[in-house]
Amino acid sequence: GLINITANSATTGRVQTISANALTSGTALNIAKTGGSLLTAGELVNVDMGASTVGSGVRITSTGAYTDVAVDAGLLNLTANSATSGNIQRMNANVLTSGRILDIQSSSTVLTGDLQRIELTGSGAGNTGNALKIGVTGAVGTATALNITNANTGLVFRANDDGTYTDTTSFFTDAAGN
């Protein structure tokens, strides 16, 4: 490669650091590939942890009160607005026996938003897919496809059939099981 950093004997510390403390706009590191496709193989970024059994492959940390809610903002933002097929994000853990592939948590005591939102906002006759598909497709086992719990007095489940989130005739299950 054009730039090759080898630190095979390093056991602690950092091998490379980019410091841009005064940066208020722009980019500290930009990896760009313009033009044609990657053909059948290749990555712009490859993080290979080898046989590591602990640690983080990639860590994104913000210690400030992050408040940006713009469409193109976020601590991690994946954009593929011209993609018509394929997977935008894929996670595999084929020998996972405990733990989670995706773990979303908050200990907030004043949550007024959504921990996760999945919405199809386009309006068209071609929309025939699923906004969320959950399945246990293996023939053997006793796995649960969807397990919902609620320890407070709010609704456990709510389904709105009028295209809004405020349907006055929604189907729901409350904390008492009704």
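Taking segment 129-178 as the region of interest, how many residues are farther than 30 Å from Asn94 by Cα, within 26 Å of the chain's Cα centre (by Cα) and of a type in the set (D, E, K, R)?
The total comes to 1.
Does segment 139-146 contain at least one residue that is at pLDDT 90 or above and within 30 Å of Val69 (Cβ to Cβ)?
yes
Which of the residues that make up segment 152-173 are more than 20 Å from Leu120 (Cα to Cα) and part of a loop (DSSP other than H, G, I, E, B)?
Listed by number, the residues that qualify are Asn152, Thr153, Gly154, Leu155, Val156, Thr168, Thr169.
Looking at (1) under 21 Å from Arg117 (Cα atoms); (2) surrounded by fewer than 10 Cβ atoms within 10 Å (Cβ to Cβ), which is the only condition Ser62 fails?
Checking Ser62 against (1) under 21 Å from Arg117 (Cα atoms); (2) surrounded by fewer than 10 Cβ atoms within 10 Å (Cβ to Cβ), the one that fails is (1).
The values are calculated or read from the model by the stated rules, or taken from the named source; none is laboratory data. The shown structure was predicted, so the numbers you read here are calculated from the model rather than taken from an experiment. In this analysis, Cβ positions are derived from the backbone assuming ideal geometry, glycine residues included, and neighbour counts consider all displayed protein chains.
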